[in-house]
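Here's the structure, in structure tokens; my notes come after.
Where a number appears in this text, it was derived from the coordinates with a stated rule and is not lab data. On a predicted model such as this, the values are computed, not experimentally measured, just so you know. We place every Cβ from the backbone using ideal geometry, glycine too, and count neighbours over all the protein chains shown.
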Amino acid sequence: MAEALRKIETSEALYRSAPNNIEAEQALLGAVLVNNDAFYRVSDFLKPQHFFEPLHRKIYEVAGDLIRMNKIANPVTMKT
């Protein structure tokens, strides 16, 4: 019984999800949308796949595409 319990604990440890903080993701996206220059401060090391929330990945990706095209990324321009 103890051995079976140990196997379950070991398998759970192998499949733990990465730590995440939805509020931090939202704050970062808000900063980028308020001031597009903030994107260049994080874009070297922060990629869309680093976001835990799939919607945040998409927002960061679209905002980055707009900013790289020298367009303004804000909630109004991203809606289109």
### Query
What relative contact order, as a whole-number percentage, does the stretch 26-80 give when Cα pairs under 8 Å and 6 or more residues apart are counted?
35
### Query
Hey, could you pull the Cα Rg and Dmax for the stretch 38-80, both in Å?
10.1, 27
### Task
Add +1 for every Lys or Arg and -1 for every Asp or Glu among the other residues with Cβ under 11 Å from the Cβ of E25, and state the total.
-1
### Query
What net charge is computed for the residues neighbouring E61, neighbours being all others with C-beta under 14 Å from the C-beta of E61, Lys and Arg scored +1, Asp and Glu -1?
+1
